[in-house]
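Each remark here refers to the structure printed beneath this line.
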Amino acid sequence: GGYDIRARIGYAQWSIEGRYLGGFNWNSNVPDLGAVGNVKIGSFSNFGATALSGDAASTFKSWEVNLRWQMMPWLTPFIGIRQIKIGDQNNFNIAFPAFTALYTFNTAQRANGVQAGIEARLVGPGTSWQPGPFYFDVDGRIGLYHLKTDTDFNLLPSTGGSFPAGASNSKSNSPIVELRATVGYQITPFWDIHAGYRYISIRDAKTASDYA
């Protein structure tokens, strides 16, 4: 789970909104695969491995500031700026008869850019169809972002030492799309409960597994 926190100040139809979307963390594990023998991890060939396991962790967070115009009670377009940060790490533990080794692949990405979007209430207060306190909202935003990706690799054998390699970075202009649909229940004019679905697409985004 994560957080979608918003603060807004405005006058008449115009307002400025700050938003934080983050706190998202994903983790996964690959159990011991046993004696895999000969296996290639990244650009490294390994021979006679007696055990292999792995784990992965990812994070996502973003900040944005938008200028909003409520052109109708149910329709609000907006424009703004946004920064997105994504982190990804993959670890592989491999064992041999005489020693073990840890392979670590890291990817850090930062996107900065401008966006435009729209929020619409299709059902509920402010629309022609008002089924009591229930409402249905949708919103979408699309932007063009400067995406920077940094990658690095480190090998830690149990015999000692550290062997970093493969550090690189890349830059691209990437479109980013976010869509959301929400069903809610209005308790008071200032409080409600809601649930929904969010979709985010970042073209050119990389994960550590792309390099592992």
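The values are calculated or read from the model by the stated rules, or taken from the named source; none is laboratory data. Quick caveat, the model's predicted, so the values are computed rather than measured. Cβ sites come from the backbone with ideal geometry, for glycine too, and all protein chains shown count toward neighbours. For accessibility, only protein heavy atoms count, side chains too; no ligands or nucleic acids. Shrake-Rupley method; radii C 1.70, N 1.55, O 1.52, S 1.80 Å.
When the residues of the range 105-126 are filtered to those that are polar (S, T, N, Q) and open to solvent by 20 Å² or more (accessible area, probe 1.4 Å), the one that is nearest to residue 63 (Cα to Cα) is 112. Considering the range 78-90, and only residues there that are polar (S, T, N, Q) and open to solvent by 20 Å² or more (accessible area, probe 1.4 Å), the residue that is nearest to residue 201 (Cα to Cα) turns out to be 83. Here residue 159 passes the criteria (1) loosely packed, with under 14 Cβ neighbours inside 10 Å; (2) within 28 Å of the chain's Cα centre (by Cα); (3) of a type in the set (Val, Ile, Thr) except the one numbered (2). When you check residue 168 against the structure, is it at pLDDT below 90, of a type in the set (Ser, Thr, Tyr) and on the phi < 0 side of the Ramachandran plot, yes or no? Judged against the criteria, residue 168 is a match. Taking every residue in the range 29-44 that is without any contact (Cβ under 8 Å) to a residue 24 or more places away in the chain and assigned to a strand (DSSP E or B) and pairing it with any residue that is among the hydroxyl-bearing types (Ser, Thr, Tyr) and open to solvent by less than 100 Å² (accessible area, probe 1.4 Å), at least 6 positions away or on another chain, the pairs with Cβ-Cβ distances below 8 Å are 38/45.
Residue count for the range 19-44 satisfying the condition of being open to solvent by 30 Å² or more (accessible area, probe 1.4 Å) and among the small types (Gly, Ala, Ser): 3. The test for being under 30 Å from residue 100 (Cα atoms) and assigned to a loop (DSSP other than H, G, I, E, B) does not hold for residue 166. The combined condition, being open to solvent by 70 Å² or more (accessible area, probe 1.4 Å), touching a residue at least 60 places away in the same chain (Cβ under 8 Å) and not acidic (Asp, Glu), is not fulfilled by residue 58. Screening 186, 130 for residues that are modelled with pLDDT under 95, over 30 Å from residue 50 (Cβ atoms) and not in a strand (DSSP E or B) leaves exactly one candidate, 130. Looking only at the range 111-127, residues that are more than 17 Å from the chain's Cα centre (by Cα) and not in a loop (DSSP other than H, G, I, E, B) come to 9 in all. Listed conditions (1) of a type outside the set (Ser, Thr, Tyr); (2) at pLDDT 90 or above; (3) within 29 Å of residue 89 (Cβ to Cβ) are all met by residue 203, apart from (2).
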